[in-house]
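See below for the structure under consideration.
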Amino acid sequence: IFGFMINFSAFLGAATMYTRYKIVQKQNQTCCFSTPVFNLVSLVLGLVGCIGMGIVANFQELAVPVVHDGGALLAFVCGVVYTLLQSVISYKSCPQWNSLTTCHIRMAISAVSCAAVVPMIACASLISITKLEWNPKEK
């Protein structure tokens with residue numbers, strides 16, 4: 001069930017990112033505020049993050065830890081960069097398509113996400129493997 005729900009979430013995330021891409025593309029045709037390549041790079045990174053989620057869902061941590069962890073890294077890093085790029089696009093489209101408050105909220109979420117990625121990578125590199133059984137006598 002867990003793997004299915006992550007796959008479904010990755011699919012919905014990809015659909016949302018593609019929808020956002022098309023909305024920004026249409027808005028950019030009306031009032032040119034960003035280069036189309038910037039929007040496309042954002043879409044590609046977001047979709048790669050969704051593929052990372054699919055990898056996490058389909059490769060169990062105990063069976064293939066390297067692939068599972070690589071997918072998780074891909075999902076987190078690409079997801080954070082996607083939110084950061086979307087925040088920049090929001091600022092560039094302000095005030096016609098977004099309010100300044102919306103831009104600030106998106107950038108705050110992006111900043112918190114960026115700040116969380118570094119400790120996540122550091123802590124994940126310190127952990128060797130997850131154990132299924134824990135003995136209370138172990139440290």
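Worth a mention:
- Protein accessible area in the chain, 1.4 Å probe - carbon and sulfur %: 74 percent
- The range 18-66 - Rg and Dmax from Cα coordinates, angstrom: 15.9, 51
- Distance from the Cα centroid of the range 61-91 to that of the range 1-17 is 14 Å (rounded to whole angstrom).
- Packing rank of 9-22, 81-94, where each peptide gets the mean count of other beta carbons within 10 Å, highest leading: 81-94, 9-22
- Rounded tilt (10° steps) of 65-92 against the dominant C-alpha axis of the chain: 20 degrees
- Solvent-accessible area per residue, Å², over the chain with all protein chains present [probe radius 1.4 Å]: 66 Å²
- Normalised size of the range 1-121, defined as Cα radius of gyration per 2.2 N^0.38 Å with N residues, equals 1.15.
The values are calculated or read from the model by the stated rules, or taken from the named source; none is laboratory data. Please read these numbers as outputs of a predicted model, since none were measured by experiment. Every residue, glycine among them, receives a Cβ derived from its backbone with ideal geometry; neighbour counts consider all protein chains shown. What goes into the accessible areas is simple: the full protein's heavy atoms, side chains included, and nothing from ligands, DNA or RNA. Shrake-Rupley method; radii C 1.70, N 1.55, O 1.52, S 1.80 Å.
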